[in-house]
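Encoded as structure tokens, the structure appears first; notes follow it.
The values are calculated or read from the model by the stated rules, or taken from the named source; none is laboratory data. Because the structure is a prediction, the values reported are computed rather than measured. Neighbour counts run over all protein chains shown; Cβ positions are idealised from the backbone, glycine included.
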Amino acid sequence: MSSTSVVEQQSARLDPWAYVEIARVDHWFKNSFMVLGVILAFFYEPRVASWSSVLPLAIAVFATCLVASSNYVLNELLDAPNDRLHPEKRFRPVPSGRVRLGIGYTEWILLAVAGLSLAWSINVYFFASALFLWVMGLAYNIPPVRTKEWPYLDVLSESVNNPIRLLLGWFALVTGRFPPLSLAIAYWMIGAFFMAMKRYAEYRHIGDPRVAAAYRKSFAYYTEERLLISLFFYATSCALFAGIFIVRYKPELILFVPLAAGLFAYYMKLGLLPDSPTQNPEKLYRQPGFVAYLIVCFTVFVALMFTSIPKIYDLFNVAPSGVSPLWTLGGQ
């Protein structure tokens, strides 16, 4: 055994915090994507909007965080050889030698068992969704499938976690029925847009196509032009499926469309910056303007979901929903 390996193992034994780091607790904010499922549950099943839902929802969020962390640990362990070729990621706990692989794989399994056990305690639908989230982590990371190495499939297979989290938020409160498929697909596509923007920013940041391809195999195929074209595809697909949901279920959200378009434009603006912050979405909280705009978008979306504007139904000749609104603007 080389002296370097000995030093790395000693460092790993002396650095338990490294095992917390590879669980990426700072990425748990991504589970906020469950919120859309919760909002839909309140919209379609108003009875679940009660204090009795707080505890199962808290357990559901924690279970999702544990399953997600299990996937993050596996990602850190299997990505280490490639991360050593990245200018910043080579300092992560595994490629820098601060983690012992045996302990890391044990952490991966224990987090999965804990998360899925909690998911089972909620209901079978929530458990199936949590298991789906975990299995997608396997497909994304483990050879020979390892979808993260295939162009376009790398983006689509990771962003599918968006609709899965929608299901997790929904099934934490509602069982026996599914949320609208059109919105789930739109949610998938906006996640794909965000992920493709991250790939574009990473590709530009690395700067050398050969170094980029060594770090991530899909970069051997990608070019800036191809990534930009894919961004257009994902944004358009999201708009089309969201339009289906809006026209069929909630025409009031037509008023939200300009804000949604602005969100895509704002995110692309950030993605085109030198050393773009979209390379690390978990750190976007450092962009106060974007955070403020996101809060405005979320507030308007929720308000419109629970508002009735009869004139819009008349204008677009749409039959109104049977769900009782919280507010009605204008006369019948």
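On the basis of being assigned to a helix (DSSP H, G or I) and within 22 Å of F306 (Cβ to Cβ), does F256 make the cut? Against the criterion (assigned to a helix (DSSP H, G or I) and within 22 Å of F306 (Cβ to Cβ)), F256 qualifies. With respect to (1) within 27 Å of M268 (Cα to Cα); (2) buried (at least 22 other Cβ atoms within 10 Å of the Cβ), the lone exception for W150 is condition (2).
Just to be sure before I move on: is I103 assigned to a helix (DSSP H, G or I) and within 22 Å of the chain's Cα centre (by Cα) in the structure I sent? Judged against the criteria, I103 is not a match.
Residue-by-condition table, conditions (1) free of Cβ contacts under 8 Å to residues at least 40 places away in the same chain; (2) farther than 30 Å from S53 by Cα; (3) not hydroxyl-bearing (S, T, Y):
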| position | (1), (2), (3) |
| --- | --- |
| L168 | no, no, yes |
| S182 | no, no, no |
| I190 | no, no, yes |
| V211 | no, yes, yes |
| F219 | yes, yes, yes |
| S230 | no, yes, no |
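Does the range 191-207 contain any residue that is under 25 Å from P277 (Cβ atoms), of a type in the set (F, W, Y) and under 13 Å from the mean Cα position of the chain (by Cα)? Yes, the conditions are met somewhere in the range 191-207.
A count restricted to the range 285-309 and to residues that are among the aliphatic types (A, V, I, L, M) and not in a helix (DSSP H, G or I) stands at 1. Taking the range 270-284 as the range and being outside any loop (DSSP other than H, G, I, E, B) and among the hydrophobic types (A, V, I, L, M, F, W, C) as the test, the residues that pass are L270, L284. P179 passes every criterion in (1) part of a loop (DSSP other than H, G, I, E, B); (2) within 18 Å of G271 (Cβ to Cβ) apart from (2).
Answer yes or no: is there a residue in the range 303-319 that is within 30 Å of R199 (Cα to Cα), of a type in the set (K, R) and out of contact with any helix residue (DSSP H, G or I) (no Cβ under 8 Å at 6 or more places or on another chain). No, every residue in the range 303-319 fails to be within 30 Å of R199 (Cα to Cα), of a type in the set (K, R) and out of contact with any helix residue (DSSP H, G or I) (no Cβ under 8 Å at 6 or more places or on another chain).
Screening F62 against (1) crowded, with 18+ Cβ neighbours inside 10 Å; (2) at pLDDT 90 or above leaves a single unmet condition, (1). Taken over the range 236-256, the residue count meeting the criterion of being out of contact with any Pro (no Cβ under 9 Å at 6 or more places or on another chain), surrounded by fewer than 21 Cβ atoms within 10 Å (Cβ to Cβ) and among the aromatic types (F, W, Y) is 1.
Looking at the range 233-252, I want the residues that are free of Cβ contacts under 8 Å to residues at least 40 places away in the same chain and not assigned by TED's automatic domain parsing to the domain that holds L156 and have a partner that is surrounded by 19 or more Cβ atoms within 10 Å (Cβ to Cβ) and part of a helix (DSSP H, G or I) with Cβ atoms under 6 Å, at least 6 apart or on another chain. Which pairs are those? Final answer for the pair search is I246/L253.
Go over the candidates F219, F193, F233 one by one and state the one that is part of a helix (DSSP H, G or I) and surrounded by fewer than 16 Cβ atoms within 10 Å (Cβ to Cβ). Going through F219, F193, F233 in turn, just one is part of a helix (DSSP H, G or I) and surrounded by fewer than 16 Cβ atoms within 10 Å (Cβ to Cβ): F233.
Which one is modelled with the lowest pLDDT, of the residues in the range 281-321 that are hydroxyl-bearing (S, T, Y) and loosely packed, with under 15 Cβ neighbours inside 10 Å? Filtering the range 281-321 for residues that are hydroxyl-bearing (S, T, Y) and loosely packed, with under 15 Cβ neighbours inside 10 Å, the one modelled with the lowest pLDDT comes out as Y285.
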